[in-house]
Amino acid sequence: MSKKITEPFKVTCKLMDGRINSTDGLLFLDAILYHAWFLKYAPEVFNGTERKENHKNWKYHFGLPLTQINMDNGIRYSASCGFYAQYEHHIEYWNKHPDFTSGQNGKYLDAKGKIDTGAGTLKAYHFPQIIRTISDIEFYGVGTIDKIRDLLSYIPAVGKKPAAGWGMVREWIVEPFADDWSTNGRYGLMRPMPVEEYKPESQGYKIMQCSLLPPYWKSKNMALCYIPNVIIDDESEITGERIMNA
């Protein structure tokens, strides 16, 4: 069987109602595909019912259908952040009431013998969330289009707290694209890049610690990076000025 061809592509994420839950506004295509790979090939690992260290014969061979690029401190994938027009942003609250049906009421009592709503299954939550109302989201990269399209079919939402209804996806569109915009493109810098290895063509990029490949929460994947400005100022003018994240 011949090897699948890798080529530049564009991904368009069409949302149900345009709302996403994101503090920094950054959405990473390689992280979305990483999530999708486990949903398809190893759901038990994703759900936490099976772990690699518990098995001598690990049956999974992880790999994303993206071109890998060698860097001084490892590899990264040919995949951009998501770019979009932002119409507004505001704060909503995610609430969770104590679970009084858990049968563990007696385990979580404070010093006065009252139920402690700050710990365990009886913990109550009232967390502020930054909700952004945005346009369709554009991603760019280099990889195997049919495999990317297949993996994205496993992703029903983007951003945080999808169970609360934020970030629900109506449609994923994956299509060939003329150029490789995974690192540099029409919007300038297209993904986080280490300050030690990358010299931006213009000023105005934030500098912060950020991972270079998924999983993005792993500290060993992090480096001091230039961060792209992912919000497109004018949705109708695709080459419009970039603005800083709100």
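The values are calculated or read from the model by the stated rules, or taken from the named source; none is laboratory data. Not measured: the values here are computed from a predicted model. Counting neighbours? That spans all protein chains shown, and the Cβs are built from the backbone with ideal geometry, glycine included. The protein model used for the area step is the full one, side chains on, heavy atoms only, and it has no ligands, DNA or RNA in it. Shrake-Rupley method; radii C 1.70, N 1.55, O 1.52, S 1.80 Å.
Cross-linked pairs K40/K218; K147/K218; K10/K206; K160/K199: Cα-Cα separations exceed 27 Å for K160/K199. The label-point distance for T133 and N95, in a model that sets each label 7 Å from Cα toward Cβ, rounds to 2.2 nm. Remark: segment 138-207 carries 50 Å² of accessible area per residue (probe radius 1.4 Å; ligands, DNA and RNA excluded).
Reported to the nearest whole Å, the Cα centre-to-centre distance from segment 1-44 to segment 133-151 is 6.
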